[in-house]
Amino acid sequence: MNASTHAPSDSSASILVVEDDKTVAEVVSRYLVREGFAVEHVADGGVALARVQDRMPDLIVLDLMLPGVDGREVCRRVRAVSDVPIIMLTALGETGDRIAGLELGADDYLAKPFSPRELVARVKNVLKRSGSGDGRSDNSSQLEVGGIRLDRKSREVEIEGRSVDLTQREFDLLAFLMEHPKEVFRREVLLEHVWGYTFGDTSTVTVHVRRLREKIEPDPSNPTFVQTVWGVGYKFGP
């Protein structure tokens, strides 16, 4: 299928919308263009992968159910080469599909039917949090706890000198926990501070904690950095 490109006069970021429902794609693209984004729409997973290989967008809005290469496979292949933010669109009530998408590396999801304004708000939130730097000085931009060194400006993480590749949400989650060592946070609180949502599915936090542990813990089944406080939430450090 041919890709359609919308080019606003004042684009601030490029967004690839991968959606085979023409009506949904048109509405989503129109709302994003109104906000000043440069939006490209494709309706096929294979075409989306070709577009990404040619030029990586700043964010991908990815439908789970696609003809040809489905959303799961697109997400998996993109994650193998990039940490570009991905917001996945799923069918209402398909909890297993949402969890699978998050496990593959999606940063966020919306269940259909959804409000286009809600999608725009989440796109802005994800892009804001994925931007490098946050106004801190060079010294305060770095955190080092228990052998983990995190640099907010470069968004790099090292463990005992070894570089660790994290997605945007994984990085933000680790940074927040490292900023508050030994303080216990409920999943609802982490969802608000890391994702910027005052309500939502807290399984998003659970999945990201699991993924983060797989990347930073010597033994993910017996974590030493991101620890579970049963019945309460999570904390960083013993």
Practice prompt. Filter region 106-121 down to residues that are open to solvent by less than 30 Å² (accessible area, probe 1.4 Å) and charged (D, E, K, R) and give me whichever is nearest to Arg79 (Cα to Cα).
Written response: Asp107
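Out of the residues in region 200-224 meeting the condition of being in a loop (DSSP other than H, G, I, E, B) and in contact with a Leu (Cβ under 8 Å, 6 or more places away or on another chain), tell me which one is most open to solvent (accessible area, probe 1.4 Å).
Going residue by residue through region 200-224, those that are in a loop (DSSP other than H, G, I, E, B) are 200-202, 217-224.
Filter again for in contact with a Leu (Cβ under 8 Å, 6 or more places away or on another chain), leaving 200, 202.
Numbers: Gly200: 47, Thr202: 25 Å².
Looking at the filtered set, the residue picked out is Gly200.
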Worksheet, complete the sentence: Ile60 passes all but one of the listed conditions (1) in contact with a Leu (Cβ under 6 Å, 6 or more places away or on another chain); (2) modelled with pLDDT of 90 or more; (3) more than 20 Å from Asn125 (Cβ to Cβ); (4) crowded, with 17+ Cβ neighbours inside 10 Å; the exception is number (3)
Discussion item. With the structure loaded, tell me whether Leu177 is in contact with a helix residue (DSSP H, G or I) (Cβ under 6 Å, 6 or more places away or on another chain) and under 15 Å from Val205 (Cβ atoms) or whether it fails that test.
Written reply: no
Discussion item. Cβ-Cβ under 8 Å, sequence separation 6+ or interchain: first residue in region 124-149 and at positive phi and at pLDDT below 75, partner of a type in the set (D, E, K, R) and open to solvent by 50 Å² or more (accessible area, probe 1.4 Å). Which pairs?
Written reply: Gly133/Lys153
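Could you please let me know if Glu19 is of a type in the set (Asp, Glu) and open to solvent by less than 20 Å² (accessible area, probe 1.4 Å)?
Details: of a type in the set (Asp, Glu): yes; open to solvent by less than 20 Å² (accessible area, probe 1.4 Å): yes.
So Glu19 fits the description; yes.
Return the residues of region 87-100 that are at pLDDT 90 or above and either within 18 Å of Arg210 (Cα to Cα) or surrounded by fewer than 22 Cβ atoms within 10 Å (Cβ to Cβ) (or both); say none if nothing qualifies.
Just the residues of region 87-100 that are at pLDDT 90 or above, to begin with: 87-89.
Listed by number, the list holds a single entry, Ile87.
Suppose the filter is open to solvent by less than 30 Å² (accessible area, probe 1.4 Å), more than 15 Å from Val123 (Cα to Cα) and touching a residue at least 40 places away in the same chain (Cβ under 8 Å); does Ala13 pass it? Step through it out loud before you land on a result.
Details: open to solvent by less than 30 Å² (accessible area, probe 1.4 Å): yes; more than 15 Å from Val123 (Cα to Cα): no; touching a residue at least 40 places away in the same chain (Cβ under 8 Å): yes.
No.
Considering every residue within region 24-31, establish whether at least one is within 25 Å of Gly96 (Cβ to Cβ), among the acidic types (Asp, Glu) and open to solvent by 10 Å² or more (accessible area, probe 1.4 Å).
Narrowing region 24-31 to residues within 25 Å of Gly96 (Cβ to Cβ): 24-25, 28.
The next check asks that each one be among the acidic types (Asp, Glu); those that pass are none.
So far as region 24-31 goes, no, none of its residues is within 25 Å of Gly96 (Cβ to Cβ), among the acidic types (Asp, Glu) and open to solvent by 10 Å² or more (accessible area, probe 1.4 Å).
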Worksheet, complete the sentence: So, first residue open to solvent by 60 Å² or more (accessible area, probe 1.4 Å) in region 163-188, second residue part of a helix (DSSP H, G or I) and β-branched (Val, Ile, Thr), Cβ within less than 8 Å, six or more apart or across chains; the pairs are Arg187/Val205; Arg187/Thr206
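The values are calculated or read from the model by the stated rules, or taken from the named source; none is laboratory data. Since the model is a prediction, treat every value here as computed from it, not as a measurement. Cβ: placed from backbone, ideal geometry, glycine included. Neighbour counts: every protein chain shown. Remember, those area values only see protein heavy atoms, side chains included, never the ligands or the DNA or RNA. Shrake-Rupley method; radii C 1.70, N 1.55, O 1.52, S 1.80 Å.
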